[in-house]
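The structure appears right after this line, and notes come after that.
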Amino acid sequence: MTARDILARLRGLGLEVAVVDGRLRLAGNGTVPGDLAAALREHRVEVLAELEFEVEVERRVEVFRDQACHPGPLPFLVVPGAPDTPGGCLSCGCNLPDPWPPRCPVCIAAAHRVLATVTPPPVENFPRLAQSLCESEKRP
């Protein structure tokens, strides 16, 4: 069972799961079954890491959403003030073990979540683009 599986089951039981002062905290009226409690004890470090990952993704989603909500072309989504680290994540500057992909997993997850919510403007807002698309369809 993975950390995500454990968190999904806990949340499915109506429990809120959080990290408080580096410790795992459960809140709610649900009861944790014995097998799930054992899995939680066994994978505690991974569950804590997954929760911290989720919190950091949420933080970056908020930052990236502010950048993506303006009219016009979408900018390259970055964490403001992030260092320009050679070989680092292009969005936050953290060190990457490999040069590809050029973003860290947290920035990738946050960018995907933001981009999934962005609605492109209708093509009719761009008359020349619409005209050129129509003309290209007419060509044999």
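Nothing in this text is a laboratory measurement; each read-out follows from the coordinates by a stated rule. If you're wondering where the values come from, they're calculated on a predicted model, not measured in any experiment. For neighbour counting, all protein chains shown are included, and Cβ atoms are generated from backbone atoms with ideal geometry for every residue, glycine included.
A few comments on the model shown:
- Shown in residue order for the stretch 15-31 are the 3J(HN,Hα) couplings computed by the Karplus curve 6.51 cos²θ - 1.76 cosθ + 1.60 at θ = phi - 60°: 9, 8, 10, 8, 10, 10, 6, x, 10, 6, 10, 10, 9, x, 9, x, 10 Hz (x for Gly and Pro).
- Kirkwood hydrodynamic radius (C-alpha pairs) into Stokes-Einstein, the stretch 1-95, 10 °C and 1.306 mPa s, D in µm²/s: 101
- Electrostatic bookkeeping for LEU115 treats Lys and Arg as +1 and Asp and Glu as -1; over the other residues with beta carbon under 13 Å from its beta carbon, the sum is +4.
- For the stretch 11-88, the list of chymotrypsin sites (Phe, Trp or Tyr not before Pro) that fall in a loop by DSSP and count at most 13 other C-beta atoms within 10 angstrom reads PHE76.
- Based on C-alpha pairs under 8 angstrom that are at least 6 apart in sequence, the chain has a relative contact order of 16 percent.
- In Hz, Karplus ³J(HN,Hα) per residue of the stretch 48-62 (6.51, -1.76, 1.60; θ = phi - 60°; x = Gly, Pro): 4, 5, 5, 5, 5, 4, 4, 5, 5, 4, 4, 4, 6, 4, 4
- Residues with amide H under 5 Å from that of VAL78, placed H, sequence gap 5 or more: none
- Of the residues ILE6, VAL32, THR117, the one whose Cα sits farthest toward the positive end of the charge dipole of the chain, with +1 on the Cβ of Lys and Arg and -1 on the Cβ of Asp and Glu, is THR117.
- A simple rule links phi to the HN-Hα coupling: the Karplus curve 6.51 cos²θ - 1.76 cosθ + 1.60 with θ = phi - 60°, which for the stretch 33-47 gives x, x, 5, 6, 4, 5, 5, 5, 5, 5, 10, 3, 4, 5, 5 Hz, with x for Gly and Pro.
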